[in-house]
Every structure is written in structure tokens, then in C-alpha cells.
Amino acid sequence: MGLFMGDRLMKTLRVAFAVAVLGVAVVGYVIYERTLVEWWLPVVTATVVAVVTLPLARKSWRWLVGGDKTYLTLCHLYVAGGLVYGLSLTANGLLTDAASAHEEEVTVVEKEHVTRRTGYRSGRHYRTTSRVTDNYYLTVRFADGTVKELPVSRDAYYRAHKDRPRKVSVERGLLGFRVVW
């Protein structure tokens, strides 16, 4: 009985660890939506760090996936890449320099209203729509030519007009990337 209990605990820890790494990466992506940086830069940085640290730290994941070299390599790439991506964007977005806060005037290039229906299975062959969510996005162009799609509230969406100026608050993050609030 004790052997199976330890095996179950280990499987639970593995899944919890994988979900935690995924959660860190998702938080990084949420902050990326507000960060003025090319999409490939954090991805390439995380990939390079994961590949460079691969020979040094690959064996440290043996407790998580066992001894197979392929699984050790994939586990290291997933964990190191996800953590570097998520933590770097999170640190840049949350540790901003308050002294650098200023307002910039941007031009609204496009407005987008996305309606999503959330559903669930209510029976063997039945799928029911439970609620409708509305998401609002503005694609804006900064004075330096940078174009970014920003999630906005419903009120901000309806106050904004295409090809008209709008003010946004911008701060410089810890890693030097600008963050729009």
C-alpha cells in the first residue's frame, strides 16, 4: 500500500509542477499583451537560455521524469523556457520605474470586438452554451511607428474612434521594455 501511495503522490507532484510552470508562462503572456516588444524577442531569449543551460541542468529533472534522455531534454526545455519567458515578462511588467511614467499620444488604427461563447456538456450528446463574453481590443500606432493590439475595457472601446488620437500611460519596465497601462 505504501508503494502505491508514494507513486500517486509523485504523479500528483509532477502534474502540479507542470501546471505551475504553465501558469507562470501564462502570466507572462498576459503581461506581454501590455508590453511593447516584438513577439519573437522573449521567445528567442527563453529558448536560448533553455538550450544553453541544457547540458548543465538536464539531469536535475530526473526526479520528475525518470532517466530517459529524451524526456529529460524535453522537460528541461519546457521548464527552463517557460520559467524564463514568464518570469522575465512578469518582472518587466510588474517592476516598472514609476519615475519614467508618462502619457503618449497614439493613433487608433483598428477596433475589434470579439464575442466568445463558453459552453459545457450537459449530457452525453448535449452541449449547452452557458454564457457569452465580450472582449474589446484597440490596435494603436505609437509616434515611433510601433503598432500594438491592446485589450481595453468596454467604455474605453466605445470612447475610441478609428484614425483619432488617444492618450495611453507608458512606463519603462525592469528590462527596458515599455509597458502600457
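State yes or no: is ARG62 touching a Leu at 6+ places or on another chain (Cβ under 6 Å) and either open to solvent by 40 Å² or more (accessible area, probe 1.4 Å) or assigned to a helix (DSSP H, G or I) (or both)? Don't jump to the end; show me each part of the working.
Numbers: touching a Leu at 6+ places or on another chain (Cβ under 6 Å): no; either open to solvent by 40 Å² or more (accessible area, probe 1.4 Å) or assigned to a helix (DSSP H, G or I) (or both): yes.
When the stated conditions are applied, ARG62 does not pass them.
The single residue among LEU83, LEU41, LEU56 that is under 30 Å from VAL180 (Cα atoms) and without any contact (Cβ under 8 Å) to a residue 12 or more places away in the chain turns out to be LEU41.
Each row is one residue, and each column tells you yes or no for (1) more than 30 Å from ARG131 (Cβ to Cβ); (2) at pLDDT below 95; (3) among the hydrophobic types (A, V, I, L, M, F, W, C).
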| position | (1), (2), (3) |
| --- | --- |
| VAL44 | yes, no, yes |
| VAL106 | yes, no, yes |
| HIS113 | no, no, no |
| ARG116 | no, yes, no |
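So which of LEU87, LEU175, LEU138 is under 25 Å from the mean Cα position of the chain (by Cα) and in a strand (DSSP E or B)?
On the way: LEU87 fails: in a strand (DSSP E or B); LEU175 fails: in a strand (DSSP E or B).
One residue alone meets the criteria, LEU138.
Can you name the residue in the stretch 123-147 that is among the hydrophobic types (A, V, I, L, M, F, W, C) and touching a residue at least 24 places away in the same chain (Cβ under 8 Å) and is also most open to solvent (accessible area, probe 1.4 Å) among such residues? Here the answer is ALA143.
The values are calculated or read from the model by the stated rules, or taken from the named source; none is laboratory data. Since this is a predicted model, take the numbers as computed values, not measurements. Glycine gets a Cβ as well: all are built from the backbone with ideal geometry, and neighbour counts include every protein chain shown. Calculation scope for accessible area: heavy atoms of the full protein, side chains included, ligands and nucleic acids excluded. Shrake-Rupley method; radii C 1.70, N 1.55, O 1.52, S 1.80 Å.
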